[in-house]
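The values are calculated or read from the model by the stated rules, or taken from the named source; none is laboratory data. This structure is a prediction, so every number in the text was calculated from the model and none was measured. Glycine gets a Cβ as well: all are built from the backbone with ideal geometry, and neighbour counts include every protein chain shown.
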Amino acid sequence: MRSVHLSVVSAQSCEAQRRSAVELRGVGKTFTSRTGQVEVLRGLNLSLQDGEFLAIVGPSGSGKSTVLNLLAGLDQPTSGAVFCRGEPVAAVNTGIGYLTQHDSLLPWRTVEQNIAVPLELRNIGRTEIAARVRDLIAQVGLEGFERHYPSQLSGGMRKRAMLARTLIYDPPVLLMDEPFGPLDAQLKLALQAELLKLWSAHRKTVVFVTHDIVEAITLADRVLVFSSRPCQIRLDEPIAIPRPREVHEVRFHPAFEEHYRRLWTALEPPARRPS
Amino acid sequence: MSTQALSETQAEPTLGLSGRVWLYRAIFVVVMLTAWQSASGTLLDPFWVSSPAAIFRTLVAWTASGQLGYHLLITFKETAAGFVLGATAGVLFALLVGANDTLHRTVDPFVTAIYGVPKVALAPLFIMWFGIGLAPKIVLAAISVFFLVFFSTLRGVREVDLKMVDALRTMGAGKFATQRMVIFPSALPWLFTGLKLGLPYGFVGAVAAEMMASNAGIGYLTQNSAGQLDTAGVFAALFALMVVTTLLNEALGRLESWIFRWR
């Protein structure tokens with residue numbers, strides 16, 4: 001459905017620059033700690049079109065989360081530059097929505113008070129906040145739990161509340177760091193379906209980090225495979241499965257198997273040590 | 001009373017844990033008071049140890065004359081004023097120091113050093129500075145409360161979940177909004193621990209200053225009774241103070257569980 005576009009290296013071309021929603025140009029990141037230096041990223045180029053859904057898979061510690069933190073402006077690159085919608089990211093980037101794997105709901109606020117936080121920060125009137133919160137609670141299927149505290153919710157419901165809190169201020173770019181990681185398989189499928197539905201409606205640019213190849217193929221327009229650090233892009237795989245997709249059906253699509261094999265091979269280099 | 005307890009036990013075979021604890025507490029009090037009462041005048045000279053009955057008589061007499069209420073109210077006012085001042089300063093200072101790592105590392109040794117000084121040792125100085133009215137008592141109570149609330153709150157501020165702070169920052173929260181929405185609420189349980197620890201120390205500060213120079217308050221009452229070799233009076237004054245601190249601590253506990261109903 002969506003046109004397959006050129007490889008990440010073409011990010012340097014003028015056209016890609018003009019159209020990119022998010023771009024990393026020659027980004028390197030080295031963390032310095034007491035025990036020494038760790039080079040996580042080196043010369044990374046990456047660009048996303050507006051409305052593109054990109055998934056990143058890779059081994060643990062390969063710098064996937066670092067890329068998201070750089071895009072969010074929570075971290076600064078050691079070298080190179082990060083752009084979001086054409087603007088260099090210098091400070092915390094409030095034009096993005098960042099859904100971390102970490103549970104960051106405020107435990108002393110109810111579900112509706114939590115979802116209202118970004119709007120309160122933007123000094124939006126009470127009646128408008130109430131209306132938008134009600135609307136999003138319906139969209140993520142949390143009706144009846146408005147007055148519950150996070151400690152009274154299941155893991156899946158907390159994820160839904162976090163998703164609602166991220167979507168309510170309508171950021172054009174969404175960063176998602178293994179958002180469904182610790183959930184059971186069935187719940188994961190339900191939330192993936194929910195996410196695809198919301199994404200089709202809002203068409204946001206998404207960078208989605210995951211461990212799960214199937215999840216990456218199910219959701220994304222394009223899947224990047226990161227190598228272990230310092231991170232290089234080992235494979236840039238456009239997904240040829242048409243949208244709208246049915247999360248239960250994707251794995252039976254004829255193209256699925258080929259995608260899965262190629263991603264798996266890229267993820268596990270043949271010369272790997274016996275485990 | 002005992003038959004009622006018995007029938008309750010039968011109606012509900014597992015008498016609630018808190019019910020049992022209350023029963024044991026009552027037994028403990030009765031045993032202690034009986035032992036004290038019977039030892040006084042037989043094993044021990046009542047001149048030194050008084051007796052529960054004599055203390056009770058003193059309390060009744062003081063209550064009737066209005067003396068007890070007057071002195072308790074003075075001590076309560078001093079402590080309350082000191083508590084509010086000390087706790088407010090402690091919280092604000094902790095939020096300020098906790099927000100800035102350089103500031104924290106700079107002031108930390110000084111604060112710890114001053115904390116190590118016994119607050120009561122400062123009472124003569126405050127009496128020299130502020131006279132013998134309410135002021136030196138309030139200041140001493142405030143200083144005693146300040147450090148406990150400060151250290152406790154600072155700990156809470158330092159232990160705030162940084163991922164939560166980052167999440168709020170990406171949603172557009174500035175420094176002040178982060179303090180208000182994340183750091184303060186997440187430090188609140190620690191703050192309360194500080195308040196609950198600080199309250200009795202506030203009374204200690206106020207009473208200690210009263211004992212050194214004053215003409216009113218529970219400290220004065222204790223000192224005055226001791227001066228007249230009235231052991232029952234000393235015990236009665238201390239007992240009254242004990243009741244007030246316990247009730248206030250209980251009230252703080254109730255307030256705490258109401259504030260942290262989200263847990």
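Some points to look at:
- Meets criteria (within 30 Å of B:E159 (Cβ to Cβ), assigned by TED's automatic domain parsing to the domain that holds B:V182 and in a helix (DSSP H, G or I)) for B:L122: no
- Among the residues listed as B:A142, B:A177, B:A167, the single one being over 31 Å from the mean Cα position of the chain (by Cα), assigned by TED's automatic domain parsing to the domain that holds B:L103 and crowded, with 23+ Cβ neighbours inside 10 Å: B:A167
- Subset of the stretch A:38-74 (residues that are on the phi > 0 side of the Ramachandran plot and surrounded by fewer than 19 Cβ atoms within 10 Å (Cβ to Cβ)): A:G43, A:G51, A:G61
- Listing of helices (runs of 4 or more DSSP H) fully contained in the stretch A:149-239 that carry 2 or more residues being touching a residue at least 12 places away in the same chain (Cβ under 8 Å) and assigned by TED's automatic domain parsing to the domain that holds A:E23: A:185-202, A:213-219
- Matching residues, the stretch A:122-131, being within 14 Å of chain B (Cβ to nearest Cβ) and either within 25 Å of the chain's Cα centre (by Cα) or surrounded by fewer than 18 Cβ atoms within 10 Å (Cβ to Cβ) (or both): A:R122, A:N123, A:I124
- Residue count for the stretch B:252-263 under the criterion of being out of contact with any helix residue (DSSP H, G or I) (no Cβ under 6 Å at 6 or more places or on another chain), part of a helix (DSSP H, G or I), within 14 Å of chain A (Cβ to nearest Cβ) and of a type outside the set (A, V, I, L, M, F, W, C): the result is 1.
- Any hit, the stretch B:236-251, residues being in contact with an Asp or Glu (Cβ under 8 Å, 6 or more places away or on another chain) and away from chain A (no Cβ under 14 Å): no
- Which numbered condition A:V67 fails, given (1) in contact with a strand residue (DSSP E or B) (Cβ under 6 Å, 6 or more places away or on another chain); (2) more than 14 Å from chain B (Cβ to nearest Cβ); (3) among the aliphatic types (A, V, I, L, M): (1)
- Hey, A:T35 at pLDDT 90 or above, of a type in the set (S, T, Y) and assigned by TED's automatic domain parsing to the domain that holds A:E215 or not: no
- The set of residues from the stretch A:75-121 being surrounded by fewer than 17 Cβ atoms within 10 Å (Cβ to Cβ), under 21 Å from the mean Cα position of the chain (by Cα), closer than 24 Å to A:F31 by Cα and more than 11 Å from chain B (Cβ to nearest Cβ) comprises A:Q76, A:A81, A:P88, A:A90.
- Only one of the listed residues (A:T205, A:T166) is under 14 Å from the mean Cα position of the chain (by Cα), among the hydroxyl-bearing types (S, T, Y) and within 16 Å of A:D103 (Cβ to Cβ). That residue is A:T166.
Rundown of residues vs (1) under 23 Å from B:L195 (Cβ atoms); (2) among the β-branched types (V, I, T), yes/no style:
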site: B:V107; (1), (2): yes, yes
site: B:V111; (1), (2): yes, yes
site: B:Y115; (1), (2): yes, no
site: B:K119; (1), (2): yes, no
site: B:L122; (1), (2): yes, no
site: B:G131; (1), (2): no, no
site: B:L134; (1), (2): yes, no
site: B:F151; (1), (2): yes, no
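- Residue list for the stretch A:97-110, restricted to those being among the aliphatic types (A, V, I, L, M) and under 24 Å from A:K204 (Cα atoms): A:L99, A:L105
Yes or no, residue by residue, for (1) closer than 22 Å to B:F47 by Cα; (2) at pLDDT 90 or above; (3) over 19 Å from the mean Cα position of the chain (by Cα):
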residue: B:F192; (1), (2), (3): no, yes, no
residue: B:G202; (1), (2), (3): no, yes, no
residue: B:A206; (1), (2), (3): no, yes, no
residue: B:M212; (1), (2), (3): no, no, yes
residue: B:N215; (1), (2), (3): no, no, yes
residue: B:Q223; (1), (2), (3): yes, yes, yes
residue: B:A226; (1), (2), (3): yes, yes, yes
residue: B:G233; (1), (2), (3): yes, yes, yes
residue: B:F239; (1), (2), (3): yes, yes, no
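- Filtering the stretch A:141-199 to residues that are out of contact with any strand residue (DSSP E or B) (no Cβ under 9 Å at 6 or more places or on another chain), farther than 19 Å from A:V209 by Cβ and of a type in the set (F, W, Y) leaves A:F145, A:Y149.
- Verdict on B:L17 being out of contact with any Cys (no Cβ under 6 Å at 6 or more places or on another chain), at pLDDT below 90 and over 30 Å from B:A236 (Cβ atoms): yes
- Residue within the stretch B:241-251 that is of a type in the set (G, A, S) and touching a residue at least 24 places away in the same chain (Cβ under 8 Å) present: no
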